[in-house]
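Here's the structure, in structure tokens; my notes come after.
The values are calculated or read from the model by the stated rules, or taken from the named source; none is laboratory data. Everything numeric here is computed off the predicted structure, so don't read it as measured data. We place every Cβ from the backbone using ideal geometry, glycine too, and count neighbours over all the protein chains shown. For the accessible areas, the whole protein counts, side chains as well, though only heavy atoms, and no ligand, DNA or RNA atoms are used. Shrake-Rupley method; radii C 1.70, N 1.55, O 1.52, S 1.80 Å.
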Amino acid sequence: MSIVVRGLKNEPYGGKLIDLLVTGEEREQLLKDSVDLVNYHMTERQICDAELLINGGFSPLTGFLNQADYESVVNNLTLADGTFWPMPITLDVSREAAATYSVGQRLNLRDEEFNLIGILTIESIYEPNKALEAEKVLGSPDDICHPSIAYLLQEAGDIYIGGSIKAFQLPPHYDFCDMRLSPKEMRMNIDRQGLGKLIGFQTRNPMHRSHRELTLLAAREARAHVLIHPVVGMTKPGDVDHYTRVRCYKELMNHYPAGMATLSLLPLAMRMGGPREACWHAIIRKNYGCTHFIVGRDHAGPGNNRAGQPFYDPYAAQELLLAHKNDIGIEVLVYRMVVYVEELQDYRTEDKVPAGMRVLNISGTELRRRLYKGIDIPHWFSYPEVVKILRQSYPPRNRQGFTVFFTGLSGSGKSTLANALRIALLEEGSRPVSLLDSDFIRKQLSTELGFSPEHRKLNINRMGFIASEITKHRGVAICAAIAPYADSRKQLREVISEQGGYIEVYVSTPLEVCEARDPSGFYARARRGEITNVAGVDSEYQTPVNPELVVDISQVTVQQSVNEIILFLEQEGFLSQ
């Protein structure tokens, strides 16, 4: 089904706005059919993609890409019929699941809460060349510093399923429902207001004064209304959560001239794909009714690669989109960075700053430092109402929760240190403190687990989940576990760091000292072959590369080690000084 909304200067991409929702007798029959169909539970990313397929945000697509379209998009930036399309929209599944599917089969698409979203008719089942996809689409075949390359190579299923969708409903949302306009609703809203031109502004970060000035500059130049269209699906790991961001956007909207701007939320799963992503974003905004699209410096960039350099040239996104703006049918507005000029007490793009005048700017890193330290954020940078919201969500470190994770060999003194630190922090008294020892977690939550690598990782994941919840609620979690594998410790750091502080302490007591202590005869039994998978004996312990602290209690006392940790926590701002 397609929808045509009259009165707009910019028609949907491909000429028609796709709508995959079925109605009437067709809906009733499909609901009956669904009772006998196999269920497929979509991932968070697939749910985001499904929503924009269903509501027409990804027009002219009518489902997840078949093999011919996928290969053409990867290699040529077009669908198989030649239509420009820069980003693969794929349904990845495990090899085991794919083996049970066949072309022509229908699957129920369900979300994480088992809601029936629609039915997919399988039209192709194929194995992608992931390294080629990563290189062509994202810029490297294997650099997992890029979050989408890491997802593609480490998390995504090995097989892709292509096919068309007939939908019963959009994925349900319970937050900011009045601001989640579909392309159809947005176009009707624009038509009601009689707006001939609309500028789309993409963001995944909180907006400050410079962003307001940039969008107003674009509005003046294009004589157009502004659509503030932030992503509230999946963004870059570590980004400010969308609940905080939307509260900031709502406050910022009060500082636009009346009738100048509209705020609506986009349920997109970003790929951080730089140049290709900029083109994709422009297509999506065209489907939402935009006639113009703003592309800034390093649009949708993922940060640095493994060599410490930016993944993409800062203006590569602008260049690619400008090259394809006629293919898409949208006007592209490109600007240099907007900065505050002290002498003028006003904003200018950096190429319009008079010679000799002082430019002021606060980077994202500096903003986070000021939030963590409780340092003033100047009025020229952001509005007080926005800063207040950010401080509520990101308080100074002495009001955040944190986790201290002790890792080391059995018998190294981890548990002793962890308990001693617990007592010291309880004495300090600023937060509730919880001790999570690996043996305790095994007894309480993991009685079914052994000591294989898979079970060790699962036990650590469970500990990490509990620690992240304690940290999120601004308590202190003290963890003690062997945790021999670097990848599981890395995952733990990523999960917990999203909620607050994370301090890894490597207890480096040498193996021979640990064996000499061996109060339970653990090592002796391993040496006799009575037990297996003992880290340091017949199983590897991967030494931490960059822990925050290293202590060896064969060289210093427990009290000295705890003092060193307390001093570190004070230095980093987690404890009041």
Show which lysines lie in cross-link reach of residue 388 when reach means a straight Cα distance below 24 angstrom and same-chain residues fewer than eight apart are skipped.
236, 250, 373, 472
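Within segment 285-380, report the trypsin sites (Lys or Arg not before Pro) that DSSP leaves as loop and that have at most 13 other Cβ atoms within 10 Å.
Numbers: sites: 285, 286, 297, 306, 325, 336, 348, 352, 358, 368, 369, 370, 373; in loops: 297, 306, 336, 358.
Listed in order of number, the matching sites are 306, 358.
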With an 8 Å cut-off on Cα pairs and a minimum separation of 6 or more residues, tell me the relative contact order of segment 1-97 in percent.
24
Sorting check: for 522-530, 548-556, which peptide has the highest mean count of neighbouring beta carbons within 10 Å, and how do the rest follow?
548-556, 522-530
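Normalised by the number of residues in the chain, what is the relative contact order in percent for Cα pairs under 8 Å and 6+ residues apart? Walk me through the numbers on the way to the answer.
Details: 1058 pairs, mean separation 65.2, N = 577.
It rounds to 11 percent for the chain.
So for segment 249-318, Kirkwood radius off the Cα pairs, Stokes-Einstein at 10 °C and 1.306 mPa s: how many µm² s⁻¹?
On the way: Rh = 14.0 Å.
In µm²/s, the coefficient rounds to 114.
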Under 23 Å Cα to Cα from residue 443, which lysines show up? Leave out anything in the same chain fewer than 8 places away.
414, 457
Surface per residue (accessible, 1.4 Å probe) for the chain, Å²:
45
List every residue whose amide H lies under 5 Å from the amide H of residue 303, counting only residues 5 or more places away in sequence or on a different chain, with H placed 1.01 Å from N in the peptide plane.
311
Tabulate in residue order the Karplus-calculated ³J(HN,Hα) for segment 511-527, using 6.51 cos²θ - 1.76 cosθ + 1.60 with θ = phi - 60°, rounded to whole Hz; enter x for Gly and Pro.
4, 5, 5, 4, 5, 5, 6, 5, x, 9, x, 4, 5, 4, 5, 5, 5
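Could you please report the charge total around residue 512, scoring K, R as +1 and D, E as -1 over all other residues with beta-carbon less than 15 angstrom from its beta-carbon?
Here the count lands on -1.
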Please give the net charge around residue 534, taking every other residue with its beta carbon less than 14 angstrom from that of residue 534, where Lys and Arg add +1 and Asp and Glu add -1.
-1
If you take the charge dipole of the chain about its Cα centre, with +1 on Lys and Arg Cβ and -1 on Asp and Glu Cβ, which of 23, 357, 107 is farthest toward its positive end?
357
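Could you give the length gained on full extension between residue 363 and residue 472, defined as 0.36 nm per residue of separation minus the Cα-Cα distance, in nm?
36.7 nm is the gain from fully extending residue 363 to residue 472.
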With the label point 7 Å along the Cα-to-beta-carbon line of residue 145 and a cut-off under 18 Å to each amide N, the hits in segment 264-280 are 272-275
Which of the lysines could be linked to residue 184 by a straight reach, that is with a Cα gap under 21 Å, when you skip same-chain ones fewer than 8 residues away?
9, 16, 166, 197, 286
Grab every C-alpha pair in the chain, bin the distances at 10 angstrom width from 0 up to the longest one, and report whole percents.
3, 15, 23, 23, 19, 12, 5, 1, 0
Roughly how far apart, in whole Å, are the Cα centres of segment 150-174 and segment 181-211?
26
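With an 8 Å Cα cut-off and a minimum separation of 6 or more residues, compute the relative contact order for segment 356-397 in percent. Write down the numbers at each step before the final one.
On the way: 20 pairs, mean separation 18.6, N = 42.
The value is 44 percent.
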Using alpha carbons only, how many angstrom separate the centre of segment 20-39 from the centre of segment 458-494?
43
Segment 50-103-segment 361-401 distance, computed between alpha-carbon centres (Å):
41
